[in-house]
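Asker: The structure's right below; bear with me while I get my questions together.
The values are calculated or read from the model by the stated rules, or taken from the named source; none is laboratory data. Every value quoted in this text rests on a predicted model; they were computed, and no experiment measured them. Heads up, the Cβs are rebuilt from the backbone with ideal geometry, glycines too, and the neighbour counts pull from every protein chain shown.
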Amino acid sequence: MLPVIKGLFSITTVIEGGGMSKLVELTNRVEHSVVELAECLKQRGWFAGTAESCTGGWIAQMLTAAAGSSSWFESGIVTYSNAAKINLLGVDPMTIERHGAVSGETAEQMVTGLIKNTGVEVGVAVTGIAGPSGGTSDKPVGLVWFGFAISGRSTYSTPRVFSGNRQAVRLQAVDYALLEMIRLLA
C-alpha cells in the first residue's frame with residue numbers, strides 16, 4: 001500500500017481571502033469554462049493545444065476530462081525544463097538567456113512553437129513561478145506569463161501574479177488561461 005501524503009495538493013485554505021468557498025467557486029468556473037471553450041472551438045471546427053511549464057499539463061488535463069474533447073483538442077506539451085522548451089517548442093536559447101524562462105518573450109515563443117508543431121488554431125503557453133521558492137524581487141512567486149495564439153491574429157503575451165501556495169497559483173493560472181481563450185474567441 002502506498003503512503004498517503006496529506007496536504008500535498010490541498011488548496012482549500014490558501015487561496016487568499018476565500019478558503020473552501022473560493023476553491024469551490026474557482027473549480028466550478030474552470031469546469032464551466034471548459035464547456036464554453038469547447039463550444040467555441042466546435043462552432044469553428046478548430047482545435048486547441050497547450051504548451052505548459054508551471055501548470056504541468058493541468059490545462060490539457062482539464063480540457064481532455066471533457067467527453068468528446070478529441071473533436072476539439074489536439075495536443076498538450078509539457079516543457080518544464082529550459083531544454084524541453086528549446087528542443088520541443090523551438091524557444092531560442094538566447095531568449096531564455098536574455099529574458100529568462102519566465103518572460104513574455106519565452107511565452108510567445110512557446111505558443112508559436114506549439115502552433116508550428118501541432119497545427120492547432122488556438123494555443124496557450126504558460127510559464128511561471130508557482131513557488132514556494134524561486135521568486136525574486138523582479139519575478140515574484142506567483143508570477144505567470146501566458147502566451148496566446150489564435151488563427152489569423154497576432155501572438156501576444158500577458159503576465160499575471162497569483163497568490164496562495166503552489167497549487168493555488170497553478171489552479172488560478174489554469175482558470176485565467178481558459179477564460180482568456182474564451183474571451184479571444186468571443
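Asker: Quick check: is even one residue across region 4-24 at pLDDT 95 or above, assigned to a loop (DSSP other than H, G, I, E, B) and surrounded by fewer than 15 Cβ atoms within 10 Å (Cβ to Cβ)?
Answerer: Kept after step one, since they are at pLDDT 95 or above, are these residues of region 4-24: none.
No, that holds for no residue.
Asker: I've got another one for you. Starting from residues that are among the aliphatic types (A, V, I, L, M) and within 18 Å of M181 (Cα to Cα), keep the ones in region 125-160 and report whichever is farthest from the chain's Cα centre (by Cα).
Answerer: At the first step, the residues of region 125-160 found to be among the aliphatic types (A, V, I, L, M) are 125-126, 129-130, 141, 143-144, 149-150.
Within this subset, residues satisfying the condition of being within 18 Å of M181 (Cα to Cα) are 125-126, 144, 149-150.
Working: A125: 6, V126: 4, V144: 9, A149: 13, I150: 15 Å.
Checked region 125-160; the qualifying residue farthest from the chain's Cα centre (by Cα) is I150.
Asker: Is it true that some residue in region 150-158 is in contact with a helix residue (DSSP H, G or I) (Cβ under 6 Å, 6 or more places away or on another chain), in a strand (DSSP E or B) and within 21 Å of W58 (Cα to Cα)? Walk me through how you get there before you give the answer.
Answerer: Applying the first criterion (in contact with a helix residue (DSSP H, G or I) (Cβ under 6 Å, 6 or more places away or on another chain)) to region 150-158 yields 150, 155, 157.
Add one more test, that the residue is in a strand (DSSP E or B), and what stays is 150, 157.
If we keep only those that are within 21 Å of W58 (Cα to Cα) as well, we get 150, 157.
Checking region 150-158: at least one residue is in contact with a helix residue (DSSP H, G or I) (Cβ under 6 Å, 6 or more places away or on another chain), in a strand (DSSP E or B) and within 21 Å of W58 (Cα to Cα).
Asker: Kindly provide the set of residues from region 41-81 that are free of Cβ contacts under 8 Å to residues at least 40 places away in the same chain, more than 16 Å from the chain's Cα centre (by Cα) and assigned to a helix (DSSP H, G or I), ordered by number.
Answerer: Result: K42, Q43, S69, S70, S71.
Asker: Here's a follow-up. Go through (1) in contact with a His (Cβ under 9 Å, 6 or more places away or on another chain); (2) of a type outside the set (K, R); (3) on the phi > 0 side of the Ramachandran plot and name the single condition G57 misses.
Answerer: The one condition G57 does not meet is (1).
Asker: Buried (at least 20 other Cβ atoms within 10 Å of the Cβ) and part of a strand (DSSP E or B), is that true of G147? Before the answer, list the steps.
Answerer: Numbers: buried (at least 20 other Cβ atoms within 10 Å of the Cβ): yes; part of a strand (DSSP E or B): yes.
So G147 fits the description; yes.
Asker: Within region 123-147, work out how many residues are of a type outside the set (G, A, S), touching a helix residue (DSSP H, G or I) at 6+ places or on another chain (Cβ under 7 Å) and more than 21 Å from I86 (Cα to Cα). Break it down into steps so the answer makes sense when it comes.
Answerer: Taking region 123-147 and keeping what is of a type outside the set (G, A, S), we get 124, 126-127, 129, 132, 136, 138-141, 143-146.
Imposing the further condition that a residue be touching a helix residue (DSSP H, G or I) at 6+ places or on another chain (Cβ under 7 Å) reduces the set to 124, 126-127, 132, 144-146.
Filter once more, keeping what is more than 21 Å from I86 (Cα to Cα): 132.
Residues that pass the stated criteria total 1.
Yes/no per residue for (1) farther than 22 Å from A38 by Cβ; (2) surrounded by fewer than 17 Cβ atoms within 10 Å (Cβ to Cβ); (3) of a type in the set (A, V, I, L, M):
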site: S70; (1), (2), (3): no, yes, no
site: S75; (1), (2), (3): no, yes, no
site: Y80; (1), (2), (3): yes, yes, no
site: K85; (1), (2), (3): yes, no, no
site: T95; (1), (2), (3): yes, no, no
site: H99; (1), (2), (3): yes, yes, no
site: T106; (1), (2), (3): yes, no, no
site: N117; (1), (2), (3): yes, yes, no
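Residue-by-condition table, conditions (1) without any contact (Cβ under 8 Å) to a residue 60 or more places away in the chain; (2) farther than 26 Å from K42 by Cβ; (3) touching a His at 6+ places or on another chain (Cβ under 8 Å):
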{"residue": "I86", "(1), (2), (3)": "yes, yes, no"}
{"residue": "A125", "(1), (2), (3)": "no, no, no"}
{"residue": "G147", "(1), (2), (3)": "no, no, no"}
{"residue": "Y176", "(1), (2), (3)": "yes, no, no"}
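Asker: From the list G134, G164, G113, exactly one residue is under 19 Å from W58 (Cβ atoms) and crowded, with 19+ Cβ neighbours inside 10 Å. Which is it?
Answerer: Going through G134, G164, G113 in turn, the sole match is G164.
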